Amino acid sequence: MPSQTTDPIIKFDRVNKSFGDLEVLKGLSFEIGAGERVTLIGPSGSGKTTILRLLMTLELVTPVKHPDENGGVIWVEGAPYSHMEKGGKLHVASERYLRQRRQKVGMVFQQFNLFPNMKVLRNVTEAQVHTLKRSKEEAESKARDLLDLVGLSDKVDNYPNQLSGGQQQRVAIARALAMDPDILLLDEVTSALDPELVADVLGVLRDIADTTNITMLIVTHEMGFAKDVSNRVMMFDQGVIVEEDTPDRIFSDPQEVRTQDFLRAVLSE
Amino acid sequence: MDWQTIIDSLPSYAEPFWVTVQVTVGASALALVVAFGLGLMTSSKHLIVRTPARTVVEFIRGSSVVVQLFWFAYAMPQLLGIQFDYAILTGIIALALNYGAYSSEVVRGAIAAVPKGQLEAATALNFTSAQKMRLVILPQAWPEMIPSLCSFAIMLLKASALVSLVQIIDLTAWAETLGRRPGQDLLVHLGLILVIYFILAWLIWTGMRALERRAKRGLGQGHPTTRTKDTETVGGVLGGLEPDDHVVTEGGGDRA
Amino acid sequence: MSGWSNERAAEIFPMVLDGFWVVLQVTLVASVIAVVLGLLVAIVEQSAPPAVRRPVSWFMQFIRNTPLLVQVLFVWYAVSLYINPEWSAFAVGSAVLGLHYASYTSESFRAGIEAIPKGQWEAATALSLPAHRTWFAVILPQMMRRSTAAVANWLIAMFKEVPTLFAIGVIEMIAQVQTYTGLNYTGDVEGYTIAGLLFLAASYPVAVAMRRLEIRLAKSNY
């Protein structure tokens, strides 16, 4: 396991999340160091995707009374993230605060979610121009570099629905990277793809993992990819961490029965 | 009946024709503004914005456009003590509010039909609410609205004939006036304007079809989608629209 | 210029209510025509030979795309000039209104028929059901379920357009208000406001019920 002498870039402090009566996360705590690549595994409904969605602020944590003592707070880069400090106390974050803080977090979705009304190039430049206030030229040159990186420089003038799923997902990766995120969230990015298109997307992600120091949180069923890319695997079940370890150890010698059962089920697919 | 007299009288239609066009185009344009205003408001997540807009929409839709027209022509001037110098403005406002309220449901439905993932992606890229609406939601919702808005535009054209009941000399009023003169034939004149209205409806429909094709191209869909084909099989100037909302919501499903 | 007066409102209310009663009667008659004729047209468009189907379809399209008011005037004058000047505006108006809305309801019925899976027709053929049994036992019951809400919405829309018949002298609400204002030189504010509110009071509950029905039908399995 990597030593965590530096401050964690992400810290969950007794985080709760419920959807109505359904408690998905129950006082979940963990830390992730800068530059770590962490894969979250576990059966569906175990809360993995919820963790990513909380970090992207697509969901908000279920508030806890007196967060200063009782936690229920997500911290990013040493500052409260789900909450904000006001008068020395933590309060639930406003949309304005979230907008300021989520700047450094990017996400790639299972369903790509490219904007169908924009050509590929504009999908990658739009947010740079409108939220980072980059000039059009700067955004375009950055977009072209990234599209080149994901092997799609010939598709800049296509609309998303003229591309295959794998190509769309690679555009989505370029789009997320264009924002220069410190943290990249990958939510089952190959699950919606035809099997023959998975390798290209994973190849691109491997390149990015090799050449950058972006912190990555990965939810995936591709165990081979998890093994190659991540330096830590966290096994979730019912909103709690069952087991965490290096990928080598967790895949070859899982300690917990639930991990063993889960891996057996996934690998036999 | 004297055909020569009838033919000689045709040029006198120019001005009433222009009135009908002005009422229809003016009210359509204003209705579009009303529709987007109310549609955006009824789509809001804030109750304070949504509730008043919802109330206005239900209020207008629940009542009768004919009565509303008379209300604007006769009750409002007394109530507020204002009288428009430009009489057709009354007609334009009454029709625009009514059809704007109906169309706002189309706008709301099309906005609601934009897949949730699009909003999430926009959040992940840190767009503001206004940017999400302007850059992501409306460009996608707009092509879905066009067929239904077209239907409402044609309904508005038809309803424009009602302004003849409040002393505005449009096609209908003029046909009735002219048709009663000596040597004229009322049925010929009424028949004639029926044909003119039909041609105008056809023009609206053709224009909207072109607009829809262009809008779909802007989504990278070279060919009209399933929904457009539906309209085609209905084979009419006017598609198989429903009088109430849901028009777009149903069609929007196939994009998910 | 004059604002709202409760006294005038009280005076005018019974008159508007009389007019409203006429509106309801017209709605009832026209609804029957719109439903029966609409259904008939839908069946013709689905099963008649092209020589019949096409003209019917064109005619309905023409009706659907031209103003009700002009149609009403046209038929009213045609009837009084060439058929029988004794016919009542109520009867002629209701008939034209029913025909106009049949051009809409037929579309809803047709959509209901087209939504029925092809297999249903094939099964009926496979069972050698005679045409009338296919329609009455298989197709129409399934179509009704799919079309009811849409047709009901058209009938609500029609109800709100009844005052158009004011133009040929049906004594509905607008005619009543104008009678009052003609005698008293005032009362527009009260009269038209009451007329509008009566429509709202009558149509809103029905519209809400229809929306519920639609949601329920949409959720039901077929």
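What the table shows:
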| item | result |
| --- | --- |
| Condition met for C:T134 (facing chain B (nearest Cβ under 10 Å) and of a type in the set (V, I, T)) | no |
| Residue in the stretch A:9-19 that is surrounded by 13 or more Cβ atoms within 10 Å (Cβ to Cβ) and in contact with a helix residue (DSSP H, G or I) (Cβ under 6 Å, 6 or more places away or on another chain) present | yes |
| Qualifying residue in the stretch A:221-228 (condition: among the charged types (D, E, K, R), under 22 Å from A:L52 (Cα atoms) and within 13 Å of chain B (Cβ to nearest Cβ)) | no |
| Scope the stretch A:157-177; condition more than 9 Å from chain B (Cβ to nearest Cβ), within 21 Å of A:E140 (Cβ to Cβ) and buried (at least 19 other Cβ atoms within 10 Å of the Cβ); matching residues | A:L163, A:Q167, A:Q168, A:R170, A:V171, A:I173, A:A174, A:L177 |
| Pick from the stretch A:138-173, criterion among the small types (G, A, S) and in a helix (DSSP H, G or I), ranking: nearest to the chain's Cα centre (by Cα) | A:A172 |
| Count of residues meeting criterion [β-branched (V, I, T) and more than 8 Å from chain B (Cβ to nearest Cβ)] in the stretch C:187-210 | 3 |
| Total residues in the stretch C:1-24, condition free of Cβ contacts under 8 Å to residues at least 12 places away in the same chain, small (G, A, S) and in a loop (DSSP other than H, G, I, E, B) | 0 |
| Single condition A:G166 does not satisfy, out of (1) modelled with pLDDT of 95 or more; (2) touching an Asp or Glu at 6+ places or on another chain (Cβ under 9 Å); (3) farther than 20 Å from A:L55 by Cβ | (1) |
| 3 or more residues at pLDDT 95 or above and touching a helix residue (DSSP H, G or I) at 6+ places or on another chain (Cβ under 7 Å): qualifying helices (runs of 4 or more DSSP H) within the stretch B:147-237 | B:171-179, B:186-217 |
| B:S63 being of a type in the set (G, A, S), closer than 21 Å to C:A207 by Cβ and at pLDDT below 95 | yes |
| All positions within the stretch B:100-116 that are charged (D, E, K, R) and within 14 Å of chain A (Cβ to nearest Cβ) | B:K116 |
| Scan of the stretch B:1-60 for residues that are among the β-branched types (V, I, T), within 30 Å of B:G183 (Cβ to Cβ) and surrounded by 13 or more Cβ atoms within 10 Å (Cβ to Cβ), ordered by number | B:T5, B:I6, B:V19, B:T20, B:V21, B:V23 |
| Looking only at the stretch A:50-66, and only at residues there that are in contact (Cβ under 8 Å) with a residue 24 or more places away in the chain and more than 23 Å from A:D187 (Cα to Cα), the one that is farthest from the other protein chains (Cβ to nearest Cβ) | A:V64 |
| Check on C:T179, polar (S, T, N, Q), closer than 23 Å to C:A91 by Cα and either assigned to a helix (DSSP H, G or I) or within 24 Å of the chain's Cα centre (by Cα) (or both) | yes |
| Among residues of the stretch B:73-108, those that are surrounded by fewer than 24 Cβ atoms within 10 Å (Cβ to Cβ) and within 30 Å of A:Q110 (Cβ to Cβ), counted | 0 |
| Qualifying residue in the stretch A:87-97 (condition: buried (at least 23 other Cβ atoms within 10 Å of the Cβ), among the basic types (K, R), in contact (Cβ under 8 Å) with a residue 12 or more places away in the chain and farther than 27 Å from A:R258 by Cα) | no |
| Pair list, Cβ under 8 Å, 6 or more apart: the stretch C:67-93 residue of a type in the set (V, I, T), other residue not in a helix (DSSP H, G or I) | C:V79/C:P85; C:V79/C:W87 |
| Residue in the stretch A:10-22 that is within 14 Å of chain B (Cβ to nearest Cβ) and in a strand (DSSP E or B) present | no |
| Leading residue by the ranking (farthest from the chain's Cα centre (by Cα)) among those in the stretch A:187-201 that are under 20 Å from A:V120 (Cα atoms) and surrounded by 20 or more Cβ atoms within 10 Å (Cβ to Cβ) | A:L193 |
| Options C:E107, C:E86, C:E122: the member that is among the acidic types (D, E) and within 14 Å of chain B (Cβ to nearest Cβ) | C:E107 |
| Any hit, the stretch C:162-173, residues being surrounded by fewer than 23 Cβ atoms within 10 Å (Cβ to Cβ), touching a residue at least 60 places away in the same chain (Cβ under 8 Å), within 21 Å of the chain's Cα centre (by Cα) and closer than 28 Å to B:C150 by Cα | no |
| Out of B:L156, B:L171, B:L162, sole residue that is in contact (Cβ under 8 Å) with a residue 60 or more places away in the chain, surrounded by 24 or more Cβ atoms within 10 Å (Cβ to Cβ), under 22 Å from B:Q22 (Cβ atoms) and more than 10 Å from every other protein chain (Cβ to nearest Cβ) | B:L156 |
| Only listed residue being more than 17 Å from B:P77 (Cα to Cα) and either assigned to a helix (DSSP H, G or I) or in contact with a Lys or Arg (Cβ under 9 Å, 6 or more places away or on another chain) (or both), chosen from C:V189, C:V208 | C:V208 |
| The stretch A:150-172, residues that are under 23 Å from A:T211 (Cα atoms), aliphatic (A, V, I, L, M) and touching a helix residue (DSSP H, G or I) at 6+ places or on another chain (Cβ under 6 Å) | A:V150, A:L152, A:V171 |
| Check on C:Q46, more than 20 Å from the chain's Cα centre (by Cα), assigned to a helix (DSSP H, G or I) and within 14 Å of another protein chain (Cβ to nearest Cβ) | yes |
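For (1) at pLDDT below 85; (2) among the aliphatic types (A, V, I, L, M); (3) in contact with a strand residue (DSSP E or B) (Cβ under 8 Å, 6 or more places away or on another chain), each residue gets a yes or a no:
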| residue | (1), (2), (3) |
| --- | --- |
| C:L127 | no, yes, no |
| C:Q142 | no, no, no |
| C:S147 | no, no, no |
| C:W154 | no, no, no |
| C:K160 | no, no, no |
| C:G169 | no, no, no |
| C:M173 | no, yes, no |
| C:G196 | no, no, no |
| C:L217 | yes, yes, no |
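The values are calculated or read from the model by the stated rules, or taken from the named source; none is laboratory data. Quick caveat: nothing in here was measured; it's all calculated off a predicted structure. Quick reminder, even Gly has a Cβ in these numbers, built from the backbone with ideal geometry, and neighbours come from all protein chains shown.
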